Amino acid sequence: MFEQEYESFWKAQVRNASGQRLEMLQRDLTGTKKLLEAVLLPVLGSLDDLILEYEMLSVSGMKIYAVVCLPRLRTVFEEDSFVTHAEKITRDRFSFERVRARSVAILGYTYFPYSRDELEKKASFCQRNLFELIGRVGNVEGTGMNQLPVYEREVLRFAVYNRKPFQLKDVCEWLQLRKEACRQVVRELEFKGLVNAVGGSATRCHKFMISEKAVALLHRS
């Protein structure tokens, strides 16, 4: 399933590429595939908004390429192998990587790297990190979160950070509001399909969980 989706995604990227970016896309992208499969696709739900080998201009005027970029969140994702980025790196290359990271920051992007070992051994942890990032920046213009009332946004952001079912008492603690007010906020979120009831009965629910629709809303234009 992933292989087919990746193949279609990669071909679309190649069709729209030229010059050095095209050459970069035709290299061995094993690490990039692992990043997409282990973290980005499970969290984002789609590869559609991502750009491989995203071209930028460094502070020195050189072209640099981000492994994967999500422009809507102005975030650059990287997969770093210990062997190529630490064990066998030259001093000049090490310095270049620092300049490259600063250039990404100067251009207003969040630099969000993962190691190959993390992707292979701690995929769930890597996904939680990205969920937390989305929860923290998900209310910026263009992501859809700013269309929700502030209390609903806050509940979703806390829920993304927790990544586990929450109760009404948790919402009261997050929002510092009375129980009835928090119950109304949760009802609105449930009505909009942004949280789902977990456990309980048809008349009384004890816990809630953020929905995939809500996660998608965090990074939708």
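The values are calculated or read from the model by the stated rules, or taken from the named source; none is laboratory data. The shown structure was predicted, so the numbers you read here are calculated from the model rather than taken from an experiment. In this analysis, Cβ positions are derived from the backbone assuming ideal geometry, glycine residues included, and neighbour counts consider all displayed protein chains.
Observations
- Residue list for the range 1-53, filter: of a type in the set (Lys, Arg), without any contact (Cβ under 8 Å) to a residue 12 or more places away in the chain and either touching a strand residue (DSSP E or B) at 6+ places or on another chain (Cβ under 6 Å) or part of a helix (DSSP H, G or I) (or both): 11, 15
- Filtered residues of the range 1-60 (kept if under 15 Å from the mean Cα position of the chain (by Cα), surrounded by 17 or more Cβ atoms within 10 Å (Cβ to Cβ) and of a type in the set (Gly, Ala, Ser)): 38
- The residue that is farthest from residue 68 (Cα to Cα), counting only those in the range 104-117 that are out of contact with any Asp or Glu (no Cβ under 9 Å at 6 or more places or on another chain) and free of Cβ contacts under 8 Å to residues at least 40 places away in the same chain, is 117.
- The residues of the range 7-27 that are closer than 22 Å to residue 46 by Cα and among the acidic types (Asp, Glu) amount to a single one, 7.
- Residue within the range 78-87 that is hydroxyl-bearing (Ser, Thr, Tyr), modelled with pLDDT of 80 or more and either touching a Pro at 6+ places or on another chain (Cβ under 6 Å) or not in a helix (DSSP H, G or I) (or both) present: no
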